[in-house]
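The values are calculated or read from the model by the stated rules, or taken from the named source; none is laboratory data. Since the model is a prediction, treat every value here as computed from it, not as a measurement. Virtual Cβ from ideal backbone geometry, glycine too; neighbours counted across all protein chains shown. For accessibility, only protein heavy atoms count, side chains too; no ligands or nucleic acids. Shrake-Rupley method; radii C 1.70, N 1.55, O 1.52, S 1.80 Å.
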Amino acid sequence: MKELEKMLSGLFAKMPSLPVNIKQVIVKIAPYLAIIGVILSLPAVLALIGLGAIGSSISAASGAWGYAGSGTLAVAFATISVALMALAIKGLFARALSGWQFMYYNALVGGVYSLIRVDIMSFIIGTGVSLYILFQVRSYYR
């Protein structure tokens, strides 16, 4: 994983850098975005595992996992994603590298799921943008 991180870091270092004030805003709101992500994704995960009565009306509006469809694969990836976001929250608030790493792993999990589904546009745009932003703010996490 470290080799992949180094390779991606080098790739994204060649891209235009975001302004410092934008990076600072991203770092400040990141933990809140992770909280919102967990809150919005949890009903979708519950619906995917069959507790549709609890979250079916919310799951359609709760992001990528809301329309991922049923099945073991969707449940596994959605559960992993929610867990990684939840694990990232404390580290994001503390600006700890662990918080950044959990969000990095979450982006990779989303990318792998897009590739498995053969959703190339989601992989290129969603995973690409996520990783670009993550590597832009990596230096803020120690």
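Can you confirm whether residue 86 is surrounded by fewer than 15 Cβ atoms within 10 Å (Cβ to Cβ), among the hydrophobic types (A, V, I, L, M, F, W, C) and at pLDDT 95 or above? Give the derivation first.
Working: surrounded by fewer than 15 Cβ atoms within 10 Å (Cβ to Cβ): no; among the hydrophobic types (A, V, I, L, M, F, W, C): yes; at pLDDT 95 or above: yes.
So residue 86 fails the test.
Restricting region 89-117 to residues that are under 16 Å from residue 133 (Cβ atoms) and of a type outside the set (A, V, I, L, M, F, W, C), the residue that is most open to solvent (accessible area, probe 1.4 Å) is 95.
Take the conditions (1) at pLDDT 70 or above; (2) surrounded by fewer than 17 Cβ atoms within 10 Å (Cβ to Cβ); residue 44 misses just one of them, which is (2). Filtering region 13-37 to residues that are under 17 Å from the mean Cα position of the chain (by Cα) and of a type outside the set (Lys, Arg) leaves 26, 27, 29, 30, 31, 32, 33, 34, 35, 36, 37.
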